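Taking it in order: structure first as structure tokens, then the write-up.
The values are calculated or read from the model by the stated rules, or taken from the named source; none is laboratory data. The model shown is predicted, which means the values in this text are computed figures rather than measured ones. Here the Cβ is made from the backbone with ideal geometry for all residues, glycine too, and neighbour counts use every protein chain on show.
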Amino acid sequence: MFSCTPDHDEPLTGHAGCACHRPELQALTRRLNADLSRRGFVAGLGASLAMLGLPRRAAAQPTPPAQSTLFRNFRLFDGKSANLRDGLSLLVEGNRIASLTPGNPAPPERARVIDCGGRVLMPGLIDAHWHSLFAALPISSLLNSDIGYIHLAASAESERTLMRGFTTVRDLGGPAFAFKQAIDEGLVTGPRIYPSGAMITTSGGHGDLRPLTDVPRSPGGEASLAEQTGGVAIADGADEVRLRSREQLLQGASQVKLVGGGGVSSPRSPVDVTTFSIEELRAGIETAAGWGAYATVHAYAPTTIQRAIQAGARCIEHGHLMDEATAAMLAEKDVWLSLQPFLTDDDSVPLTGPSRVAQLKVFGGTDTAYKLAIKHGIKTAFGSDMLFSAALAARQGIMLTHLTRWYSNAQILTMATSTNAELLGLSGPRNPYPGKLGVIEDEAFADLLLVDGNPLEDIHLLARPESSLVVIMKDGRIHKDTLAA
Ligand SMILES: [Zn+2]
Ligand SMILES: [Zn+2]
């Protein structure tokens with residue numbers, strides 16, 4: 001790639017026809033090849049072009065959004081109200097909702113008009129716990145494949161994610177920065193990404209999947225492969241947590257993910273284990289706060305959750321094993337709970353050994369965790385945390401319907417739109433998409449779904465997005481429109 005063999009013997013100096021021999025482009029080639037093997041081609045290309053002072057977007061511009069789109073004849077779920085509203089028109093200009101007005105105003109000149117046929121218009125869905133790079137590939141592929149392949153597979157999945165109606169995801173671990181950039185630039189189709197970058201964990205913590213041949217590591221020693229590619233960052237001691245947190249923030253993290261305890265898909269890090277010390281957690285939390293952002297802590301066991309709260313965490317990921325005292329603490333400190341409705345083997349890849357034991361504990365804890373969250377009025381976000389299987393990732397909307405065990409359809413739809421957007425707002429000045437998300441109102445981002453049916457009556461429509469979603473708009477651009485045919 002990016003090499004050129006001269007087709008005649010012309011000396012390199014003064015080579016007029018081909019720019020590949022210019023010294024700066026030869027340097028770029030070397031840099032790109034190094035970056036390709038180290039970090040993945042998208043990041044490498046971006047960094048290398050920036051080094052040369054070349055514009056990043058020269059190669060491919062996103063298709064510009066339609067000048068304006070007028071939606072008519074719909075019933076509105078605005079992301080907040082449990083009641084649908086009728087008799088409105090919605091005008092999208094650029095990537096924002098320009099106006100939501102009663103009646104049937106004349107469309108602006110050159111506007112595209114969509115007659116919604118009385119269907120329900122709602123905000124795009126938000127998944128508060130997603131792994132853009134890890135959702136659809138088996139763990140064996142993730143551990144053994146070239147990072148370029150992993151990015152390409154993730155780009156295929158990101159388009160499917162958007163086609164399920166998820167217009168925004170909060171990425172809770174994985175090398176998502178360059179991937180997000182490619183989506184934002186329109187090179188790849190996919191949802192908005194709120195990236196954490198590498199999940200930060202201790203030696204032996206959840207996410208430390210190093211082969212045992214890489215153990216021991218000396219402090220400051222060479223990074224393992226998973227660390228080099230940006231999926232995980234191993235940090236032991238408060239100083240290393242600060243360093244790794246800063247590295248994610250400088251790359252554009254909207255939140256820092258700290259792994260406070262063991263997990264399910266990490267056989268060497270049992271789910272009951274608490275890993276980071278309170279000082280280590282504080283180091284990451286304070287670093288994120290210094291950037292105006294926040295840290296969220298992966299924690300299942302009560303002791304892990306409680307330690308994270310004591311350290312000042314603003315959000316807990318998972319929490320399935322929490323008890324009453326822990327729930328009370330979450331409520332008292334006004335900490336968010338980003339909980340996933342894992343119920344049965346249908347919701348996860350098959351696991352064995354200690355991972356299977358952990359998985360069954362988590363399945364068993366889900367019902368209690370939701371009941372405690374409701375009882376104590378904990379601010380709760382919806383996330384699916386689908387991992388390691390394209391077939392599972394396809395069940396993202398089905399995961400949402402699992403919530404009917406504890407919530408009304410209106411509460412579920414509100415959680416997956418405006419409530420999740422409120423959580424995204426914790427990123428403060430580090431919010432990559434400053435503006436209103438998860439709602440349909442003036443000036444909000446134009447992330448819209450047109451549903452063939454009423455999801456307030458039948459939430460399972462969102463489990464069948466291929467037939468139920470007739471229009472999908474993200475950032476003012478239409479990605480699906482079966483009405484146009
Ligand atoms: Zn986690
Ligand atoms: Zn996760």
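Observations
- S203 vs. criteria within 16 Å of ligand 2 (Cβ to nearest atom), of a type in the set (S, T, N, Q) and surrounded by fewer than 24 Cβ atoms within 10 Å (Cβ to Cβ): no
- G438 touching a Ser or Thr at 6+ places or on another chain (Cβ under 7 Å) and either surrounded by 22 or more Cβ atoms within 10 Å (Cβ to Cβ) or in the same structural domain as S145 (by TED's automatic domain parsing) (or both): yes
- Residues that are more than 14 Å from ligand 1 (Cβ to nearest atom), farther than 28 Å from E422 by Cβ and either not assigned by TED's automatic domain parsing to the domain that holds G319 or not in a helix (DSSP H, G or I) (or both) within segment 275-293 comprise just one, S277.
- Single condition G204 does not satisfy, out of (1) more than 11 Å from the chain's Cα centre (by Cα); (2) more than 16 Å from ligand 1 (Cβ to nearest atom): (2)
- When the strands (runs of 3 or more DSSP E) confined to segment 78-189 are screened for residues that are within 22 Å of the chain's Cα centre (by Cα), those reaching at least 2 such residues are found at 120-123, 125-130, 166-171.
- Any hit, segment 206-219, residues being more than 30 Å from S467 (Cα to Cα), touching a Leu at 6+ places or on another chain (Cβ under 6 Å) and among the polar types (S, T, N, Q): no
- So A128, is it within 20 Å of A393 (Cβ to Cβ), within 13 Å of ligand 2 (Cβ to nearest atom), buried (at least 19 other Cβ atoms within 10 Å of the Cβ) and hydrophobic (A, V, I, L, M, F, W, C): yes
- Within segment 392-418, the set of residues being of a type in the set (A, V, I, L, M, F, W, C) and either at pLDDT below 95 or outside any helix (DSSP H, G or I) (or both) comprises A394, W406.
- Residue that is farthest from ligand 1 (Cβ to nearest atom), among those in segment 369-391 that are in a helix (DSSP H, G or I) and in contact (Cβ under 8 Å) with a residue 24 or more places away in the chain: K375
- Among the conditions (1) modelled with pLDDT of 95 or more; (2) part of a loop (DSSP other than H, G, I, E, B), the only one that D208 does not satisfy is (1).
- S245 being in contact (Cβ under 8 Å) with a residue 60 or more places away in the chain, of a type outside the set (A, V, I, L, M) and under 18 Å from A198 (Cβ atoms): no
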